[in-house]
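Undergrad: First the structure, which I've put down as structure tokens, then a few questions once you've had a look.
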Amino acid sequence: MTLSVNSCLEKKALQMKIENSGVKRKKAKSRDASHLEKKAAAAESGRLKIRSALDVDITGMDDEGYGIAAFNSQPLRIAGGMPGDRVTVIIDHVARRIVFGHVIKILTPSTRRSGRPPCRVSGHCLGCPLIRMKYREQLELKREMVRKELLKYSSLADVHLHPLLHPERKTHYRNTARLVIAGKHSDPYIGIYRRSSHDVFDLVDCPLHHPLVNRVIETVRKGIKKLKVPIYNPRSGMGLLRYLVVRISEAEGSAMAVFVTSRRSYNEIHHLGGFLMDELPEISVIVQNVNSSDGNVIMGNVDHFRTAKHHLTERIGEISLMISPRSFFQVNREGATLIYTKVSEMAKLTGVETVIDLYCGIGGIALTLAGAAAKVIGMEVVDSAVEDAIRNAALNRIGNCAFEAGDVSELLEELVESGARIDLAVLNPPRKGCDEAVLKHLATLSPGRIIYVSCSPATLAGDLSRLSCLGYLCREIQPVDMFPQTMHLESIALLERG
């Protein structure tokens, strides 16, 4: 009977939280409505000012998910706008060359809009700019994003661009959440910065998060209130809790909670961690990460573990991967499986090849290819990632993988000087792409094929063009919708020495 009563109380508390959020959104709508009176004045003056309102047509969408519009030849970027919409907007920021605003009313909806979006607060959160778009339209939009970048280079005109591969789950796929903690311990906000502002949007039951991630967030919220844990204020520099990072392993059905704090404070985090473990048996790792910097970097360099276990173990295909608090790992397990599988298909290994995996991270692709190769060498600049990769090789009992930490360009130069023979190279660089020296050293090694995995269509196209000048022709590109409802995607390009 006690469990039933507690359950009802928890549900009631959650409902009150949702209702309170609704009240705040209603107040925001009221404020927006008051700006409508300024719409005529803005149109008459021909000049845009912050908080002015106007009606515009959304003609396109940029690669950050802002709707593209114009007012008296002034470019506008509108959060919440969709190509084909006619909307009323409020201006948030005016710069010399561009103006930012957000939608407060849809006058004529685009035919691309979904009649039943999976999120009831997407118009206020704006964290997932495509969540109100029909999914088939999302796929076509992302394919056109890649095509647009390819068309900037004549050498890429004949590349075959496949339709997007996509995971079965379009929601509840995110296995990692990095969230800001704001407000007071009596009314904590755990969420994300709203677009074009430093206001924290409180997330309650986010449809993109894995359900266990959402449960961890709500339980942490309860713990902060009950234990009166002080929340960090960036203006005053006072308080303790700054961020919450949640990671889960779908293979284990377990979760990791990382409390990022402004200083080392054992007592508060010890009790908050204990409360979380008592409430959620799925919690297996609790960490305090200390970040005393003034910047926007979420995690610091020092971890203090509250639990004996220090990592989760996830499984992608046939490979098990240990995930530590600061490991890079794809936030969509199903999407990662699609990428690893496609890379293996493009590799066409026969068991005699030597493979290098550049920017290998914790070794997921390298270990996936190892079973069909003679030898795989992984290179990564982040020392902790290489340590994870070495542990992952041991975990999977794979002996033909070697991992090296250091600057990738310098490590490649050493391979060139040693006269090494490389049959296949896999590139998986950060968003900024590859340094020119990396591409030149790679071309000098002269592998027969290169597989390039990219999270940025713009830098992918630029690097493919540079590689064409170095003798490598791109044959095909397979885009993958790693992050449904958002503007982000991954692309896998196959190049051959021409």
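Undergrad: How many of the residues in the stretch 156-185 are polar (S, T, N, Q) and either modelled with pLDDT under 95 or buried (at least 20 other Cβ atoms within 10 Å of the Cβ) (or both)? First the steps, then the outcome.
TA: Of the stretch 156-185, the ones polar (S, T, N, Q) are 171, 175-176.
From the residues that got through so far, the ones that are either modelled with pLDDT under 95 or buried (at least 20 other Cβ atoms within 10 Å of the Cβ) (or both) too are 175.
Residues meeting the conditions: 1.
Undergrad: Filter the stretch 412-437 down to the residues that are within 12 Å of MET379 (Cα to Cα) and surrounded by 21 or more Cβ atoms within 10 Å (Cβ to Cβ) and list them by number.
TA: Result: LEU412, ALA425, VAL426, LEU427, ASN428.
Undergrad: State yes or no: is ARG235 surrounded by 16 or more Cβ atoms within 10 Å (Cβ to Cβ) and not aliphatic (A, V, I, L, M)?
TA: no
Undergrad: I would also like to ask the following. Would you point out which residue out of ILE339, ILE286, ILE298 is among the β-branched types (Val, Ile, Thr) and assigned by TED's automatic domain parsing to the domain that holds ILE477?
TA: Working: ILE286 fails: assigned by TED's automatic domain parsing to the domain that holds ILE477; ILE298 fails: assigned by TED's automatic domain parsing to the domain that holds ILE477.
None of the others qualify; the one that does is ILE339.
Undergrad: Filter the stretch 70-91 down to the residues that are in a strand (DSSP E or B), more than 30 Å from HIS210 (Cα to Cα) and touching a Lys or Arg at 6+ places or on another chain (Cβ under 8 Å) and list them by number.
TA: PRO75, VAL87, THR88, ILE90, ILE91 - these are the residues of the stretch 70-91 that are in a strand (DSSP E or B), more than 30 Å from HIS210 (Cα to Cα) and touching a Lys or Arg at 6+ places or on another chain (Cβ under 8 Å).
Undergrad: Among the numbered criteria (1) farther than 21 Å from VAL180 by Cβ; (2) modelled with pLDDT under 95; (3) touching a Lys or Arg at 6+ places or on another chain (Cβ under 7 Å), which one does ILE298 miss?
TA: So the condition that ILE298 fails would be (1).
Undergrad: Ok, one more. Here are ARG143, ARG136, ARG169: which of them is touching a residue at least 12 places away in the same chain (Cβ under 8 Å), charged (D, E, K, R) and not in a loop (DSSP other than H, G, I, E, B)?
TA: Sole residue among the options that is touching a residue at least 12 places away in the same chain (Cβ under 8 Å), charged (D, E, K, R) and not in a loop (DSSP other than H, G, I, E, B): ARG143.
Undergrad: Can I ask one more? Just to check your reading of the model, which residue among GLU413, GLU404 is assigned to a helix (DSSP H, G or I) and either more than 23 Å from the chain's Cα centre (by Cα) or of a type in the set (A, V, I, L, M, F, W, C) (or both)? Show your work before the answer.
TA: Numbers: GLU404 fails: assigned to a helix (DSSP H, G or I).
Matching residue, one of GLU413, GLU404: GLU413.
Undergrad: Just to be sure, is ARG97 surrounded by fewer than 19 Cβ atoms within 10 Å (Cβ to Cβ) and in a loop (DSSP other than H, G, I, E, B)? Don't jump to the end; show me each part of the working.
TA: Working: surrounded by fewer than 19 Cβ atoms within 10 Å (Cβ to Cβ): yes; in a loop (DSSP other than H, G, I, E, B): yes.
Criteria met by ARG97.
Undergrad: What residue, of ARG397, ARG449, ARG475, is farther than 29 Å from ASP62 by Cα, of a type in the set (Lys, Arg), over 23 Å from the mean Cα position of the chain (by Cα) and surrounded by fewer than 17 Cβ atoms within 10 Å (Cβ to Cβ)?
TA: Working: ARG449 fails: surrounded by fewer than 17 Cβ atoms within 10 Å (Cβ to Cβ); ARG475 fails: farther than 29 Å from ASP62 by Cα.
When all the criteria are applied, what remains is ARG397.
Undergrad: Okay, next question. Condition test on GLY419, is it of a type outside the set (Phe, Trp, Tyr) and at pLDDT below 95?
TA: Judged against the criteria, GLY419 is a match.
Undergrad: Mind checking which strands (runs of 3 or more DSSP E) fall wholly inside the stretch 219-338 and carry at least 1 residues that are touching a residue at least 40 places away in the same chain (Cβ under 8 Å) and of a type in the set (Lys, Arg)?
TA: Where strands (runs of 3 or more DSSP E) fall fully within the stretch 219-338 and carry at least 1 residues being touching a residue at least 40 places away in the same chain (Cβ under 8 Å) and of a type in the set (Lys, Arg), they are 241-249, 312-316.
Undergrad: In addition: Do you know which of the residues in the stretch 339-387 that are charged (D, E, K, R) and outside any strand (DSSP E or B) is surrounded by the most Cβ atoms within 10 Å (Cβ to Cβ)? So that I can check it myself, show each step before the final result.
TA: Let us first name the residues in the stretch 339-387 that are charged (D, E, K, R), namely 342, 345, 348, 353, 357, 375, 380, 383, 387.
Now narrow it down to the ones that are outside any strand (DSSP E or B): 342, 345, 348, 353, 383, 387.
On the way: LYS342: 19, GLU345: 12, LYS348: 11, GLU353: 21, ASP383: 10, GLU387: 16.
Going through the qualifying residues, I end up with GLU353.
Undergrad: Would you confirm whether any residue within the stretch 107-125 is in a strand (DSSP E or B), surrounded by fewer than 18 Cβ atoms within 10 Å (Cβ to Cβ) and more than 27 Å from the chain's Cα centre (by Cα)?
TA: Yes; the residues of the stretch 107-125 include at least one that is in a strand (DSSP E or B), surrounded by fewer than 18 Cβ atoms within 10 Å (Cβ to Cβ) and more than 27 Å from the chain's Cα centre (by Cα).
Undergrad: Mind counting the residues in the stretch 130-164 that are closer than 18 Å to MET487 by Cα and out of contact with any helix residue (DSSP H, G or I) (no Cβ under 9 Å at 6 or more places or on another chain)?
TA: Residues that pass the stated criteria total 10.
Undergrad: A further question follows. Going by the structure shown, is ILE316 within 19 Å of ASP383 (Cβ to Cβ), among the β-branched types (Val, Ile, Thr) and either crowded, with 21+ Cβ neighbours inside 10 Å or modelled with pLDDT of 95 or more (or both)?
TA: no
Undergrad: Has the stretch 84-92 got any residue that is in contact with a Gly (Cβ under 9 Å, 6 or more places away or on another chain) and under 22 Å from PRO484 (Cα atoms)?
TA: Pass one, the stretch 84-92, residues in contact with a Gly (Cβ under 9 Å, 6 or more places away or on another chain): 85, 87, 89-92.
Remaining after also requiring under 22 Å from PRO484 (Cα atoms): 85.
Scanning the stretch 84-92 turns up at least one residue that is in contact with a Gly (Cβ under 9 Å, 6 or more places away or on another chain) and under 22 Å from PRO484 (Cα atoms).
The values are calculated or read from the model by the stated rules, or taken from the named source; none is laboratory data. Please read all numbers here as calculations on a predicted model, not as lab measurements. Here the Cβ is made from the backbone with ideal geometry for all residues, glycine too, and neighbour counts use every protein chain on show.
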